[in-house]
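Read the structure below first, then the notes.
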Amino acid sequence: MTDFKDFTDAQWREKLSPEEFRVLREAGTEPPGVGEYTNTTTEGVYRCRACGAELFRSTEKFDAHCGWPSFFSPLAGDAIIEREDTSLGMVRTEVLCANCHSHLGHVFAGEGFNTPTDLRYCINSVSLTLDEA
């Protein structure tokens, strides 16, 4: 089994496209509304594009009208890592893949969404792949 946490930037650049590298490894953000999974309603499991780890199920995906795929819960408690992000002059919670530590997006709480958790995992489409059910 590959230990992706030990990958060098050069190895990631070989594995990922320039845009995937910018988002997944440099904590970039894709523009709103352009990602391939923003409006997808296909059933399945969303995986980390960098390492293939299972992250979210389509049953937890909802339309938050924010321009990025949104989920109210990750697949399992240990699928992601959350850490404080103070970039851009604000405090947010960054979401990373627990398996390879790639940047996925951010999670926001208390926005009034009618979901079981009132959380919005706002995830870049380019950080994901979808295994259809």
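What to note about this one:
- Residues in the range 82-89 carry Karplus couplings, in order, of 10, 9, 5, 10, 10, 6, 6, x Hz; the curve used is 6.51 cos²θ - 1.76 cosθ + 1.60 with θ = phi - 60°, and Gly or Pro positions show x.
- Estimated translational D of the chain in µm²/s (Stokes, Kirkwood radius over Cα pairs; 20 °C; 1.002 mPa s): 144 µm²/s
- Listed peptides 59-71, 10-22 by packing density, highest first (mean Cβ within 10 Å): 59-71, 10-22
- Expected 222 nm ellipticity per residue - DSSP helices of 4 or more, -39500 (n - 2.57), all of the chain, to 500: -2500 deg cm²/dmol
- Proximity of backbone amide H atoms, modeled 1.01 Å from N, is registered between ALA98 and ILE80, ILE81 at under 5 Å, excluding neighbours fewer than 5 places apart on the same chain.
- Less than 5 angstrom separates the built amide H of PHE113 from none of the residues sequence-distant by 5 or more or on a different chain.
- Any cysteine of the chain lacking a neighbouring Cys Cβ under 4.7 Å - listed by number: CYS66, CYS122
- Net charge, THR41 excluded, C-beta distance under 12 Å - Lys, Arg +1, Asp, Glu -1: -2
- Intensity falloff of the range 19-59 expressed as log10 I(q)/I(0), Debye formula with alpha-carbon point scatterers, at q = 0.25, 0.32 Å⁻¹: -1.04, -1.11
Throughout, read-outs are computed from the coordinates displayed, never taken from laboratory work. Treat the numbers as computed from the prediction; the structure is a model and nothing was measured. Please note: Cβ atoms are built from the backbone with ideal geometry, for glycine as well, and neighbour counts cover all protein chains shown.
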